[in-house]
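Working notes, structure below.
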Amino acid sequence: MTETKLISTLNKENLPHLDKTYVPSRLLLGPGPSNANPEVLKALALNPIGHLDEAYIELMSEVQKLLRYTWQCNNRITLPMSGTGSAAMEASIANFIEPGEKILIAKKGYFGDRLVDMASRYNADVSVIEKEWGEAFTFEEIKYEIETKKPVIFAIVHAETSTGVLQPLEGIGDLCRKNNCLFLVDAVTSLGALELFIDDWKIDLAYSCSQKGLSCPPGLSPFTMNKRAEDKLSARTSKVPNWYLDLSLLNRYWGSDRVYHHTAPVNMNFAIREGLRLIANEGLENIWRRHNSNAIKLWKGLESLGMDLHVSSEFRLPTLTTVKIPPAVDGDAYRNHLLKNFGIEIGNGLGALSGKVWRIGLMGFNSNEENVDRLLNLFDTELKKFSIFDSSSF
Ligand SMILES: *Cc1c(COP(=O)(O)O)cnc(C)c1O
């Protein structure tokens, strides 16, 4: 035995077990994560099996089949990447951009900025079109930019979680095909919650996450790519500059070869298998309807309480609502009040909208009428306590 003494200031007696008193129960009505379905949590708690076990290989195929249904596509390469949504986001850049190639990014919020940052790290020639935070692009604006800039990839966020805008995507796929560019869509806050047709809308590449519409904990990022994207990938002249996210290596494990690449987060795949099963069971059309109607209920309720919504009704995002913080209210204090006293999390504004809006999420398992009623009731009874003016003026 070594004579070296351990360096430790840990007081083991004071380290509690991780249980319900340690992790408080929360209703997550913010921008994500959203609460996981209890059935998903049961699957998550199973003992892991080997990532090359026959039973696990079968589960992988089921996850892929279920994902193809949820994405509404027949893409061969459809898989959940290990990591949160940003992992598949980065894979979508790392695999498809070679240094100096032009990517056009339509930026209208925080996650558009992240795409720009990632693309520049992979030495893309980055072109940007911008909109105010809270607006969507028109088809004509996108058409003009693609035709004049001639990028190899056009990237856009479907559901901008930072602003509460739903970007219409119809027609852009055809436009990209005509102009010989790949159509890349961030579907992190739309997959499993809002209408999305990967094949029909001719989306070449898309990524999402497990913790928003899919009612799972964070940890996986579903990804899909079609034949056009496969062709671009196989035409690469340089190695993908990211080993962990290299799609040709990942597909040797998820495809027929089943060659070890990295140890799969086995339990997270149990969880997503269950989350996707629940989605298939309910049916996508029912799910889309549920998200829409609960969002409309929330919007009407907030407006009838005299609150203003940040996004005009035609571009409003059912999974995430941005509501203006009334000028007389301390937004952070009210948010903390909901969390501390009612166990409900809502989000603050990001970037340009910080201090101006709250962000209310109704995603997956959490999109239900009871949650909407509960939150509206709290806005009715609690908000008046947070006016920095005399509360009788409310
Ligand atoms: C949440 C989110 C991401 C990032 O996903 P993480 O799981 O946080 O890595 C990317 N894009 C959008 C639109 C998001 O809402």
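Bear in mind that the values in this text are calculations on the coordinates, not laboratory data. Since we're looking at a predicted model, the values are computed, not measured. No Cβ is skipped: glycine too gets one built from the backbone with ideal geometry, and neighbour counts run over all protein chains shown.
Name the most mobile residue of LEU205, LEU284, LEU46, meaning the one with the largest mean-square fluctuation, in a Gaussian network model of the chain with Cα contacts below 10 Å.
Fluctuation is largest for LEU46.
I need PHE270, PHE197 ordered by Cβ neighbour count within 10 Å, fewest first. Before the final figure, lay out the partial values.
Numbers: PHE270 23, PHE197 15.
Lowest to highest Cβ neighbour count: PHE197, PHE270.
Take every Cα pair under 8 Å in the stretch 38-281 that's 6+ residues apart, average their separations, divide by the length, and report that relative contact order as a whole percent.
Working: 459 pairs, mean separation 71.7, N = 244.
Contact order relative to length: 29 percent.
What spacing in nm lies between the two simple spin-label points modelled at ILE7 and SER256, each 7 Å away from Cα in the Cβ direction?
5.4
Roughly how many Å is it from the Cα centre of the stretch 55-101 to that of the stretch 145-182, as a whole number?
20
Aspartates and glutamates near LYS108 by alpha-carbon distance under 17 Å, same-chain residues fewer than 8 away left out - which ones?
Within the straight-line cut-off, LYS108 pairs with ASP117, GLU130, GLU132, GLU135, GLU140, GLU141, GLU145, GLU160, ASP186, GLU314.
Got a sec? How would VAL311, VAL357 order by Cβ neighbour count within 10 Å, fewest to most?
Numbers: VAL311 23, VAL357 27.
The most exposed by this proxy come first: VAL311, VAL357.
Specify the residue with the greatest mean-square fluctuation among THR138, THR21, THR381, computed from a Gaussian network of the chain linking alpha-carbon atoms under 10 Å apart.
Looking only at THR138, THR21, THR381, the biggest GNM fluctuation is shown by THR21.
Run lengths n ≥ 4 of DSSP H only: what is the helix-derived mean residue ellipticity at 222 nm for the chain, with -39500 (n - 2.57) per run over all residues, to the nearest 500?
Working: 12 runs with 145 residues, N = 394.
That comes out to -11500 deg cm²/dmol.
Add +1 for every Lys or Arg and -1 for every Asp or Glu among the other residues with Cβ under 10 Å from the Cβ of GLU369, and state the total. Walk me through the numbers on the way to the answer.
Details: positive: ARG290, LYS297, ARG374; negative: GLU370, ASP373.
Neighbourhood net charge equals +1.
Going Cα to Cα from LYS227, which aspartates and glutamates come in below 18 Å? Please leave out same-chain ones fewer than 8 positions away.
Cross-link targets: ASP174, ASP199, ASP200, ASP204, ASP246.
For a quick check: sort GLU285, GLU98 by the number of other beta carbons within 10 angstrom, fewest at the front. Before the final figure, lay out the partial values.
Numbers: GLU285 9, GLU98 17.
Fewest-to-most Cβ neighbours within 10 Å comes out as GLU285, GLU98.
From the Cα gyration tensor of the chain, with a ≥ b ≥ c the square roots of its eigenvalues, which class applies: rounded if a/c is under 1.5, or else prolate if a/b is larger than b/c, or else oblate? Please report the intermediate quantities before stating the final value.
Details: a/c = 1.65, a/b = 1.16, b/c = 1.43.
Cα axes put the chain in the oblate bin.
Just to be sure I understand: of the beta bridges DSSP finds with both ends in the chain, what percent are antiparallel, rounded to 5? Could you put the intermediate results ahead of the total?
Details: 21 of 41 bridges.
Once the DSSP bridges in the chain are tallied, antiparallel ones form about 50 percent.
If you average the sequence gap of Cα pairs under 8 Å that are 6 or more apart and divide by the length of the stretch 118-226, what percent do you get for the contact order? List each step's numbers first, then the result.
Numbers: 155 pairs, mean separation 21.1, N = 109.
Relative contact order comes out at 19 percent.
For the stretch 177-218, what does the relative contact order come out to in percent, with C-alpha contacts under 8 Å and a separation of six or more? If you can, show how the numbers build up before the last one.
On the way: 47 pairs, mean separation 18.2, N = 42.
Here the relative contact order equals 43 percent.
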